[in-house]
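Right, one structure below, let's go through it.
The values are calculated or read from the model by the stated rules, or taken from the named source; none is laboratory data. Just so it is clear, the model here is predicted, and its values are computed rather than measured. Here the Cβ positions follow ideal geometry from the backbone for every residue, glycine too, while neighbour counts run over all protein chains shown.
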Amino acid sequence: MIKIHFITLSHLLFFMWATAVSAQSLDVLLKEAADNNLELKALENEYLAALEKAPQVSELPDPELGFGAFPFPVETRLGAQVTRISANQMFPWPGTLDSKKELELAEAKTLYERIGARSLNLFYEIKKPYFRLYEIQQSQSIIRRNITIMEALERLALAKVEGGKASAADVLRVQLKTEELKQELVILESAKTSPTATINQLINRPLATQINITDSLSFAVIPFNKNELMENIKTTHPMLRMFELQQELSEQAISLNELNGKPSFGVGLDYIMVNQRSDAEPSGNGRDILQLRASVKIPLYRNKYGAKEREEKLKIAALVNKKADVFSKYKTTIEKAFAENEIARLKMELYAKQIEITQAAINILQTSYSTQGRSFDELLQLEKELIDYGLKILKAVVQSHIAKAKVERYMTG
C-alpha cells in the first residue's frame, strides 16, 4: 500500500515560517529606504536650504554709497564744490534681526518634523507590500507541499484502480485538483510583481529587482498599552509636533511684526571736495566739507501690521483644529488596528483547531480508502479544506503584522 504523508499543523507552520536563502530582511529594506528614498532626500535638502535662510536675514541692510559731481560747480566762500561722496547705513529696531533669524530657524524645524513624519509613513508603505510578498511566497510553499500530497494521492488512486477497488474517475479528480494548484502557483508568481515594484520604487532601485524574504513571521502581538501609546503619540509624533511648531512660528511672526512696526534709524555722512579759490585767499581756502547725518524711518501706515497680526492669529486657530483633527484620525486608526489584531488572533486559533479536526478526519478516510476504496470524494474535499485553512492561518498571521505596523506608523521610538 502506498502511504500518504498528509500535512499536519506542525508541517504547515514549518513551511509558513521557513527562512529563504539569499534573502533580505525587513530591517535591511527599511534602512535602504531611509538612505535612498528620493522623497526623503528632497525633504532633507529642503530642510538644509531652510537653515541657510537664517544668515540671510540676520545681517544689517547693505550700506548705501553715493557719488556725485557738479557739472556747474557751486561756488562757496572757500571755493567751488566739485564732487560729493556719501555713505548711509540703516539700523532696524533693536531685536529685529535676532527675531528674523529665530523665525527662519523655527520654520526650518517644521521642515525637520516633516522628515520624521514622512519616514514613519515610508516605513509603513514598505511594510505593507513586504508582508503581502511574504504571504505570497509562503502561500506558494503551502501549495507546493499540497501538490506533493496530491501526487501521492494520485498514485494511491491508480493503485486502487489497478486493484479494481476504485474508479478511474478518482484519478481524474485528483489530477484536476493538482492542475488547479499548479495554476494557482503561476497566478501567485505574477502577483509578486506589484508588491515587489512598490518596495523597489520606495527604495529607489530598479523595479524588477528580486526580493527574497528572510524573515520568519509568527503571530504579531501589539505590546503597547493603548492609553499610554496615545499619550506618547500626542507629544512626540512628528506631524503633531510640526503643528505645534507652526503655532510657535506664527507667534514669533506676531512678535516680529510688532518689531517691524517700530521706527528704524540711519546714520550717514557726506564728503564734498572743494577747489581752492584763485582770486582770493580766505582762511581755510579750498577746505573740503564733511557732513554727518542721522535719519529715522517712521512706519506711519499701520493697516498692514494689523492685518498681519490677524492673519497669524487665524493661522494659530486653524493649526489647533488641524492638530486635533489629525490626532483624532490617529486614535481611530489605532483603535481599528488593535481590533484587527484581535480578530486575526481569534481566526488563527479557530483555523488551528479546524486543521487538527480536519487532519483527524483525513486520517480516517485515508484508511477507509486504502482498504475499501471508498470515500475518495470526501477525502479530496477535506484535502482542499486543509489547504484553505493553512492559507487562512497565513493570512491571519500577516494581518496581525499589518495591524502592528499601523500602530508603529505613529511611534517615534
Single match in 337, 344, 317 (criterion: in a helix (DSSP H, G or I), surrounded by fewer than 16 Cβ atoms within 10 Å (Cβ to Cβ) and within 48 Å of the chain's Cα centre (by Cα)): 317
Residue match in the stretch 152-159 (condition: of a type in the set (D, E, K, R), crowded, with 18+ Cβ neighbours inside 10 Å and at pLDDT 85 or above): no
Pair list, Cβ < 6 Å and 6+ apart or interchain, from the stretch 57-72 residues that are without any contact (Cβ under 8 Å) to a residue 60 or more places away in the chain to residues that are loosely packed, with under 10 Cβ neighbours inside 10 Å and β-branched (Val, Ile, Thr): none
Of all residues making up the stretch 105-125, the number that are in contact with a Pro (Cβ under 9 Å, 6 or more places away or on another chain) and of a type outside the set (S, T, N, Q): 8
Residue that is modelled with pLDDT under 90 and either polar (S, T, N, Q) or at positive phi (or both), where the choices are 354, 359: 359
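Residues that are under 23 Å from residue 393 (Cβ atoms), touching a residue at least 40 places away in the same chain (Cβ under 8 Å) and either loosely packed, with under 15 Cβ neighbours inside 10 Å or of a type in the set (S, T, N, Q) (or both): does the stretch 221-233 have at least one?
yes
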Residue identified as aliphatic (A, V, I, L, M) and touching a Ser or Thr at 6+ places or on another chain (Cβ under 7 Å) among 344, 337: 344
Selection from the stretch 146-168 of residues that are part of a helix (DSSP H, G or I), free of Cβ contacts under 8 Å to residues at least 60 places away in the same chain and not β-branched (Val, Ile, Thr): 151, 154, 158, 162, 168
Tally of residues being surrounded by 15 or more Cβ atoms within 10 Å (Cβ to Cβ) and outside any strand (DSSP E or B) across the stretch 71-87: 1
Which listed residue is out of contact with any Cys (no Cβ under 9 Å at 6 or more places or on another chain), at pLDDT 90 or above and under 30 Å from residue 283 (Cβ atoms), from 108, 80, 87, 69: 87
Subset of the stretch 49-70 [assigned to a helix (DSSP H, G or I) and within 21 Å of residue 265 (Cα to Cα)]: 56, 57
Per-region count, the stretch 169-195, residues in a helix (DSSP H, G or I) and more than 15 Å from residue 377 (Cα to Cα): 16
Residue match in the stretch 272-285 (condition: loosely packed, with under 15 Cβ neighbours inside 10 Å, more than 38 Å from the chain's Cα centre (by Cα) and within 30 Å of residue 62 (Cβ to Cβ)): no
Condition check for residue 199: in contact with a Phe, Trp or Tyr (Cβ under 7 Å, 6 or more places away or on another chain), in a helix (DSSP H, G or I) and either basic (Lys, Arg) or within 30 Å of residue 127 (Cβ to Cβ) (or both): yes
